[in-house]
Amino acid sequence: MGIRNNPVWSFFSSVRLTLILLAVLAVLAMIGTLVPQQESAQELARRLSPGALRILDTLQVFDLYHSVWFLLAMGLLTANLVICSVNRFPASWRRFKAEGSADDGLFRDVPPERTAYLKEGRDEAVAKAERALRKRYRDIRRLETSRGVVLQGQKGRITHLGVYAVHLGVLLIVAGGVAGSLFGFDAYVHIGEGETAVSADLAGGKGQHKLGFGIRCDRFLIETYENGMPKTYRSDLTFLKGGQPAFQGALLVNHPLTFEGIRFYQSSYGQSADGKARLSFSRKGGDRKDLAVTLGESFDLPEGDGTVQVLRVEENMMQMGPAMKIGVRSDRGAVQFWVFQEIEKIREGNPGLFEQVPLFNPGLFSPYVFSLQGIEARYYTVLKAATDPGVPLVALGGLVLVAGLMVVFLVDHRRVWMLVEENRGKHRVSIAGRSLRTSAGLDRELAGLVGALREKEDKPQ
C-alpha cells in the first residue's frame, strides 16, 4: 500500500482537516481576546468561585497562547499544511512545467473575429505574428505542423505554485508564534532612582529572569496637570555591560527602547518609601524644630511628651496638595491627624475646617503645632521587558503569505496559439487561447492581438 493510500496520510492531507483546525484556532483566538490573559486575569479570577477558577486554570484559559491546546492545534495545522503540500506538489509542478500543445481541435472553429490575413510571404508573415505575440508574452515556442507554423505564447505559469507560497507563509507565521510562546517572555523591572537592576520579574508570578546586563535609572521625571494627575513621565536609563555604560536613552510612554534584543516599555511608576519629607513642629512659645523623615520613621518629642510616627506620605492628598499623616503616642493616649503643606490656603477656602474635620488640624496634639515644609519624593520606575524571537519569522511569513495570495488571485495562467497557414494566396493567422481563470481578460488579449495584426495588414506599403 503506497504512502498516499495510508489512512493517516489521507487524514492529514485532508482539506476538511485544514478547515477544522482553522476554525479551532479562530475560536481559541476569540477566547484569548475576550478572556483576560496572564496578569490581566487576576481581577477576573478574584470574582470567580474556587471551583470555576480551578476548572478554567486547568484548561489554561488564562494563558491560552501558551496552552497545550493552542500549541497542539498549531502543530496539527503545520503537519496538515506540509502533507497537503507534499501530496499535491507533483501535479502542480507538472502543470507549471507543461509547455502545452496545439491539439487538432484548437483551430477547428476559430470565428472570423479571431483571424487576420497578411499579404506577405510565409516567413515574413510568421515573423510579424511572432513580433505581435512577443509584445504580450515572453515564453514563446514555434512548432511546425502539417497545416502551417504554430506560435505559442504563455504567461502566468507561476500561479500554479502560488498556493505553496501561501502554505509557506502560514508555516512561517506558525513557527514564529510557537517560537515566541516557547522562548519569548514578558517581565517587569522595578528600579529606584540611582539604583541598578539585573533581573526582571516574569509575568504571572513565574519567577525571575536574569537579564545578562544591568539597567540603571539615572533620573525619573514626572509632569502633572494642575489637579495633580500625571501628564507625562519618563525614565533616563543607562544600560550596563560588564559594569560599564553600553547605551543610554530616555524611556517614555509609547517610546520604547531596545537593548540586547529585549524591548523595554515605560509601564508605570511609584514613590519609594524612603523618600524624605521635611516636617517641622514647635511648642507654643518655643522654637521651631525641623526634621527630615521617611515613611514609617519615629522620633521623640522634647521632655518625653510623646513619640511621633510617620504613617503616610501623599503627594496630592484629596487634591489639596502634599500631606503627611502622623500618629502621636503619649501618656494622654494616641492621636492621628494629617499635616498639609498648604494648610493656610486650605483654611481660607474652608472656614471652620478644623471644627468640621479635626483630623486635618495640625495642632490637634496640643500644645504642639506641626507643619509640612515639603516632600522630597524619591520615585521608582516600572519597566515592561518583552522579547519575542518569533517576530522576524512572523513578519517574513506575512510578506510571503501576501505575495502568495497575490499570485493565486491576481495572476492568471494564459496560453495563446497562432496558426499561420496559406489561404487563397495570402497567409491567414488564426488565434486561439486558453485561460486558467478569467475568460474576459483572455478575450481582450486575443482581440488586441487580432487588432495588431490587422493594423499591419491594412498599413500602406
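Kindly evaluate THR145 against the criterion of being at pLDDT below 90, polar (S, T, N, Q) and closer than 30 Å to ARG414 by Cβ. Here the answer is yes, as THR145 does meet what is asked. Would you check if THR159 is among the hydroxyl-bearing types (Ser, Thr, Tyr), crowded, with 20+ Cβ neighbours inside 10 Å and more than 19 Å from the chain's Cα centre (by Cα)? So THR159 passes the test. Whenever a residue of segment 122-138 is at negative phi, its partners that are of a type outside the set (Lys, Arg) and part of a loop (DSSP other than H, G, I, E, B), lying with C-beta atoms within less than 7 angstrom and at least six residues away or across chains, give the pairs LYS128/GLU120.
If a residue counts only when it is of a type in the set (D, E, K, R), which strands (runs of 3 or more DSSP E) contained entirely in segment 305-398 have at least 2 such residues? Before you say what the answer is, go through the steps one by one.
Numbers: elements: 307-314, 323-330, 333-340, 368-376, 379-387.
Passing ranges, in order: 307-314, 323-330.
For segment 153-187, residues that are in a helix (DSSP H, G or I), closer than 24 Å to ARG263 by Cβ and either in contact with a Ser or Thr (Cβ under 6 Å, 6 or more places away or on another chain) or of a type in the set (A, V, I, L, M, F, W, C) (or both) total 8. Screening segment 194-297 for strands (runs of 3 or more DSSP E) wholly inside it with 3 or more residues that are in contact (Cβ under 8 Å) with a residue 12 or more places away in the chain returns the ranges 196-202, 208-224, 230-241, 244-252, 262-271, 276-283, 288-293. The C-beta contact set for segment 346-368 (first residue touching a residue at least 12 places away in the same chain (Cβ under 8 Å), second residue basic (Lys, Arg) and part of a strand (DSSP E or B), distance under 9 angstrom, 6+ apart or interchain) comprises LEU359/LYS325; PRO367/ARG283; TYR368/ARG283.
Taking (1) in contact with an Asp or Glu (Cβ under 8 Å, 6 or more places away or on another chain); (2) within 27 Å of ARG141 (Cβ to Cβ); (3) modelled with pLDDT under 90 in turn, LYS456 satisfies each apart from (1).
Is it fair to say LEU359 is more than 30 Å from ALA98 (Cα to Cα), within 24 Å of the chain's Cα centre (by Cα), aliphatic (A, V, I, L, M) and outside the structural domain of VAL110 (by TED's automatic domain parsing)? Considered against the rule, which asks whether it is more than 30 Å from ALA98 (Cα to Cα), within 24 Å of the chain's Cα centre (by Cα), aliphatic (A, V, I, L, M) and outside the structural domain of VAL110 (by TED's automatic domain parsing), LEU359 comes out as no.
The values are calculated or read from the model by the stated rules, or taken from the named source; none is laboratory data. Remember, predicted model here, so these are calculated numbers, not experimental data. Note that we place each Cβ from the backbone using ideal geometry, even for glycine, and neighbour counts take in every protein chain shown.
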